[in-house]
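Enquirer: Below: one structure in structure tokens.
The values are calculated or read from the model by the stated rules, or taken from the named source; none is laboratory data. Quick caveat: nothing in here was measured; it's all calculated off a predicted structure. Backbone-built Cβ (ideal geometry, glycine too); neighbour counts: all protein chains shown.
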Amino acid sequence: MEKRNGLRWSDAVIVLVCVTLALMTLGSVGQTGRGRAKEVVCQANLHRWGDVFGGIVEENGGKFLSGANSRGYWWPIQLPHELQDWKKNRTWFCPTATEPIYGENGSPSTLSTRNAWGIFRSPTAMTYEGKTYTMADSGLNGSYGLNGYVIPIPESLSGHTANAYEGGVPARFGWRNLLDVPDGGRVPMFLDALRFDVWPLEAQAPATQENAAWSANNMGRCCINRHDGAVNCLFVDGSVRKVGLKELWTLKWHRSFNTAGPWTKAGGVQPEDWPEWIRPFKDY
């Protein structure tokens, strides 16, 4: 990631207040205007997370957080509690997806791509490499997900066993130095998603139905129609932009990811191969 000074929290609040006023102003111009205003707020949130992540990477010599075990799971509990606290830190939420799948009383919601992925109440604490990390009292909740391949998990475990990310990608193909990533504007960092971490694979198909993406399919977890056939994404170089849903298969998720895989035009995908809900959207 590029080195940056970043916004102070006060600056971020001013930006979000201005955007909120714009949203109120656009309320009279119909659904299109309101949708565009929500996109602006969503992208402002991702820019703020870009500043946070950029600071982490600089302090760690190019590396992101390790996660709380050897597979890189539960990275959010490594954040300071003031950043974890979704009740105070509303930048965890795309404005189109603020209702969690489980409420504060534990009651489930009807699953939709417009849901947030919380509220997680456990694990309340995890110890990894001699350090204990704890979850904020409010739990974990949000509607963005980290590209799990930016977590620098160990390349080997005890006994020299090769380590791998969820889905089987060898650890050596992760992005281990985020200050030295070729074409960082093609490497996702943080985006609209149905889980706080995702590990997409090039052969994974989109969900068969639009609201059926709550599954173990990591590409499906971020191929969700939140912004008119697109999601918003923060990239490793610090840039933020809309990404077409079918474009997700052309991004460089990890160092060996095939950007011309079976779900791309270059890889031979045909219009009829896509589930009906995603067919109208732009091809890549």
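Enquirer: T91: of a type in the set (S, T, N, Q) and either more than 22 Å from F53 (Cα to Cα) or surrounded by fewer than 19 Cβ atoms within 10 Å (Cβ to Cβ) (or both), yes or no?
Expert: The answer is no for T91.
Enquirer: Please go through segment 100-125 and pick out each residue that is in contact (Cβ under 8 Å) with a residue 24 or more places away in the chain, in a loop (DSSP other than H, G, I, E, B) and farther than 19 Å from L79 by Cα.
Expert: I101, L111, S112, T113, R114, listed by residue number.
Enquirer: Can you pull out every residue in segment 48-79 that is among the polar types (S, T, N, Q) and crowded, with 18+ Cβ neighbours inside 10 Å?
Expert: Matches in segment 48-79: S66, Q78.
Enquirer: Specify which of the listed residues (T134, T96) is out of contact with any Leu (no Cβ under 8 Å at 6 or more places or on another chain), touching a residue at least 12 places away in the same chain (Cβ under 8 Å) and over 24 Å from A216 (Cα atoms). Step through it out loud before you land on a result.
Expert: Numbers: T96 fails: over 24 Å from A216 (Cα atoms).
Answer to the selection: T134.
Enquirer: Give me the residue from segment 194-249 that is small (G, A, S) and under 18 Å from G168 (Cβ atoms) and, out of that set, surrounded by the most Cβ atoms within 10 Å (Cβ to Cβ).
Expert: Ranking the candidates gives G220 first.
Enquirer: Using the structure shown, decide if L111 is closer than 21 Å to D192 by Cβ and in contact with a Cys (Cβ under 9 Å, 6 or more places away or on another chain).
Expert: Values: closer than 21 Å to D192 by Cβ: yes; in contact with a Cys (Cβ under 9 Å, 6 or more places away or on another chain): no.
It is false that L111 is closer than 21 Å to D192 by Cβ and in contact with a Cys (Cβ under 9 Å, 6 or more places away or on another chain).
Enquirer: Here are some conditions: (1) exposed (fewer than 15 other Cβ atoms within 10 Å of the Cβ); (2) more than 20 Å from the chain's Cα centre (by Cα); (3) on the phi < 0 side of the Ramachandran plot. E82 meets all but one. Which one does it not meet?
Expert: The number of the failed condition is (2).
Enquirer: Considering V169, V150, which residue is within 26 Å of V52 (Cα to Cα) and aliphatic (A, V, I, L, M)?
Expert: Exactly one residue qualifies, and that residue is V150.
Enquirer: Only residues in segment 138-165 that are in a strand (DSSP E or B) and modelled with pLDDT of 95 or more count as the first member; pair them with residues that are crowded, with 20+ Cβ neighbours inside 10 Å and among the β-branched types (V, I, T), Cβ under 6 angstrom, at least 6 apart or cross-chain, and list the lot.
Expert: Partner pairs satisfying both residue conditions: G145/V198.
Enquirer: Also, quick follow-up: Which one of the conditions (1) part of a loop (DSSP other than H, G, I, E, B); (2) in contact with a Lys or Arg (Cβ under 7 Å, 6 or more places away or on another chain); (3) modelled with pLDDT of 95 or more does K246 fail to meet, given that it meets all the rest?
Expert: (1)
Enquirer: Here is a further query. Considering only segment 167-193, how many residues are within 12 Å of L146 (Cβ to Cβ) and either without any contact (Cβ under 8 Å) to a residue 40 or more places away in the chain or surrounded by fewer than 21 Cβ atoms within 10 Å (Cβ to Cβ) (or both)?
Expert: Qualifying residue count for the region: 0.
Enquirer: Next up: Under 6 Å between Cβ atoms, which residue pairs at least 6 apart in sequence (or on different chains) link something in segment 259-279 that is more than 13 Å from E202 (Cα to Cα) and assigned to a loop (DSSP other than H, G, I, E, B) with a partner that is modelled with pLDDT of 95 or more and among the polar types (S, T, N, Q)?
Expert: P275/T208
Enquirer: Applying the selection to segment 171-223, what residues are within 12 Å of the chain's Cα centre (by Cα), of a type in the set (A, V, I, L, M, F, W, C) and not in a loop (DSSP other than H, G, I, E, B)?
Expert: Matches in segment 171-223: M189, F190, L191, V198, M219, C222.
Residue by residue, here is whether (1) more than 17 Å from the chain's Cα centre (by Cα); (2) not small (G, A, S) holds:
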{"position": "G33", "(1), (2)": "yes, no"}
{"position": "V57", "(1), (2)": "no, yes"}
{"position": "W92", "(1), (2)": "no, yes"}
{"position": "N105", "(1), (2)": "yes, yes"}
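Enquirer: Would you confirm, using the coordinates I've provided, whether W214 is of a type in the set (F, W, Y), more than 22 Å from G67 (Cα to Cα) and at pLDDT 95 or above?
Expert: Values: of a type in the set (F, W, Y): yes; more than 22 Å from G67 (Cα to Cα): yes; at pLDDT 95 or above: no.
No, not satisfied.
Enquirer: Right, something else. Would you mind finding the one in P271, P280, P275, P206 that is farther than 18 Å from G142 by Cα, in contact with a helix residue (DSSP H, G or I) (Cβ under 9 Å, 6 or more places away or on another chain) and not basic (K, R)?
Expert: Result: P206 is the single residue among P271, P280, P275, P206 that is farther than 18 Å from G142 by Cα, in contact with a helix residue (DSSP H, G or I) (Cβ under 9 Å, 6 or more places away or on another chain) and not basic (K, R).
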